[in-house]
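The values are calculated or read from the model by the stated rules, or taken from the named source; none is laboratory data. The model shown is predicted, which means the values in this text are computed figures rather than measured ones. A quick note on method: Cβ atoms are made from the backbone with ideal geometry, for glycine too, and the neighbour counts reach across all protein chains shown. These area figures cover heavy atoms from the full protein model, side chains too; ligands, DNA and RNA do not enter into them. Shrake-Rupley method; radii C 1.70, N 1.55, O 1.52, S 1.80 Å.
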Amino acid sequence: MERYLLYLKTNNNYYSHGLLIMRIIGGSMMVYNHGWGKITAGPEKWDRLGNALTDFIGIEFLSTFFGFMAAFSESVCALLIVIGLFTRPASILLLFTMFVASMNHIIDGEMPELAIMYFTVTFVIILIGPGKFSLDHKYFST
């Protein structure tokens, strides 16, 4: 019985396993459900996506660029998070995108539940790092 209760105690040996699962599930769901369709859509879709940010800051001529960056963060950066390569910079870009998405939902009177969930996952990855089961750990660990 005591052997089974060990899993209820704090065990720092398995936090990298949890981070791996969180990276794989969170990143792959982001790519599959949000990123792939946006990155392959083209400049017209990117312009509409970019308006979500340019409406806040008032720089209308950069809407296509910001839309591309949102699509890039939800696809390429999410893939980088899955494999654990350049994980923190990729998470920062995705975190910013999810912040803008959350604010747009709130302004529209909607509940930004999914954007907040992705925001939280990327925030945790930024704070803790990718874990030992990542390419960052393999190539950049000291």
Q | Crossing angle, helix 15-30 versus the chain [Cα axis fit, 0-90 degrees, rounded to tens] | A | 30 degrees
**Q.** Size of electric dipole in the chain: Cβ of Lys, Arg +1 and of Asp, Glu -1, about Cα centre, debye, nearest 20
**A.** 740 debye
Q.
Computed from the coordinates I sent, Rg/Rh (Cα atoms, Kirkwood Rh) equals one of [x] 1.24; [y] 1.02; [z] 1.08. Tell me the label.
A. [z]
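Mean separation of Cα pairs under 8 Å and 6+ residues apart, divided by the residue count of the chain: what relative contact order is that in percent? Please report the intermediate quantities before stating the final value.
Details: 186 pairs, mean separation 36.9, N = 142.
RCO, the chain: 26 percent.
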Q. Tell me, what is the percent relative contact order of the range 61-142, built from C-alpha pairs under 8 Å that lie six or more residues apart?
A. 31 percent
Q: Using the heavy atoms of the protein chains and a 1.4 angstrom probe, tell me the accessible area per residue for the chain in square angstrom.
A: 64 Å²
Q. Under the Karplus relation 6.51 cos²θ - 1.76 cosθ + 1.60, θ = phi - 60°, what is the ordered set of whole-Hz ³J(HN,Hα) values for the range 89-106, x standing for Gly and Pro?
A. x, 5, 5, 5, 4, 5, 4, 4, 4, 5, 5, 5, 4, 4, 4, 5, 5, 5
Q. Of Leu19, Ala90, Pro112, whose Cα points farthest to the positive end of the dipole of the chain (charges on the beta-carbon: +1 Lys, Arg; -1 Asp, Glu; origin at the Cα centre)?
A. Leu19
Q) At a 1.4 Å probe radius, carbon and sulfur cover how many percent of the accessible area of the chain? A) 68 percent
Q: May I ask you to evaluate 6.51 cos²θ - 1.76 cosθ + 1.60, the Karplus curve with θ = phi - 60°, for each residue of the range 67-80 and list the ³J(HN,Hα) values in order in whole Hz, giving x for glycine and proline?
A: x, 4, 5, 5, 5, 4, 5, 7, 10, 5, 5, 5, 5, 5
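Rounded to the nearest 500 deg cm²/dmol, what is the calculated helix-only ellipticity per residue at 222 nm for the chain, with -39500 (n - 2.57) per DSSP H run of length n ≥ 4?
Values: 9 runs with 98 residues, N = 142.
Value at 222 nm, helices only: -21000 deg cm²/dmol.
Order these peptides, 22-34, 106-118, 46-58, 90-102, by their mean beta-carbon neighbour count within 10 angstrom, highest first. Kindly include the intermediate steps, with their values, before the conclusion.
Details: 22-34: 18.6, 106-118: 13.6, 46-58: 16.8, 90-102: 22.2.
With the highest mean Cβ count within 10 Å placed first, the list reads 90-102, 22-34, 46-58, 106-118.
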Q. Using the Cβ atoms and a cut-off under 13 Å, what net charge is assigned to the surroundings of Gly67, where Lys and Arg are +1 and Asp and Glu are -1?
A. -2
(Q) Using each residue's phi in the range 115-132, evaluate 6.51 cos²θ - 1.76 cosθ + 1.60 at θ = phi - 60° and report the 3J(HN,Hα) Karplus result to the nearest Hz, with x for Gly and Pro. (A) 5, 5, 5, 5, 4, 5, 4, 5, 5, 5, 5, 5, 5, 8, x, x, x, 7
